[in-house]
Amino acid sequence: MRYYLIAAATVLMISIGIIIGFSTIYDFLNGGSPKDSYPVTGTLLIKLKDLPKEWGDATHVYVHYGAITIHRTDQGNESGWHQVITGDEWIDLRDVLTSPKAIGNGSVQSGDYNMIRIEIQEAMVTVNGINETAFVQSGKLTIGIPKGGIKIKAWQTTCVVIDIMPKVVWKLGNYMITPTAKAYVEG
């Protein structure tokens, strides 16, 4: 009788372990949560595009961007930002006029994200064939992601396109760039 009780207890413990294991895997594959003890990640691919609606006399707009971060929906305003790309790259926005260009990707914990932020370090414009320093009115461009944001799923790649729309003006003897943007999930 004692052996039957030990065998029954062993089968019960193994069954409970299998159920917990399957439910944990199911949670991870469906986005997980920040409370999971084993966070699973997906990949976020970031693309950039531009339509030169308000470039003024500029024929090129060059942007030196730094870190690109994404905000987790269920976290605080400043604590919820997670770096996706280190950055420190220059991009000529003329290169992304006809189609979006990938500017990087990174590993992100599974879950829901509602904003993306680009640090803009400096900028230049080309006017009449001469490169001129352009001042950017804010060092960070924060963009809300509409339609519920982005859902990063475990072991999958999600692509977000940032449609940047800089306005270039000549003001007080300097070129100024006021960047605005929108973002959307591709696909």
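Read-outs throughout are calculated quantities, based only on the coordinates presented, and are distinct from any laboratory measurement. Nothing here was measured: the structure is a model prediction, and the numbers come from that model. Cβ sites come from the backbone with ideal geometry, for glycine too, and all protein chains shown count toward neighbours.
Of note:
- Loop-located trypsin sites (Lys or Arg not before Pro) in the stretch 116-148, at most 13 other Cβ atoms within 10 Å (DSSP): K147
- The GluC sites (Glu not before Pro) of the stretch 39-133 that DSSP puts in a loop, and whose beta carbon has at most 16 other beta carbons within 10 Å, are E78.
- Spacing of the modelled spin labels on Q156 and E54, each 7 Å from Cα toward Cβ, amounts to 3.6 nm.
- Two-site label geometry, W170 and E132: point separation in nm, points 7 Å out along Cα→Cβ: 0.5 nm
- Nearby aspartates and glutamates by direct alpha-carbon distance to K167 (threshold 12 angstrom, same-chain neighbours under 8 apart not counted): D50, E54, D57
- Linear extension gain, R117 paired with T43, 0.36 nm per residue minus alpha-carbon span: 25.0 nm
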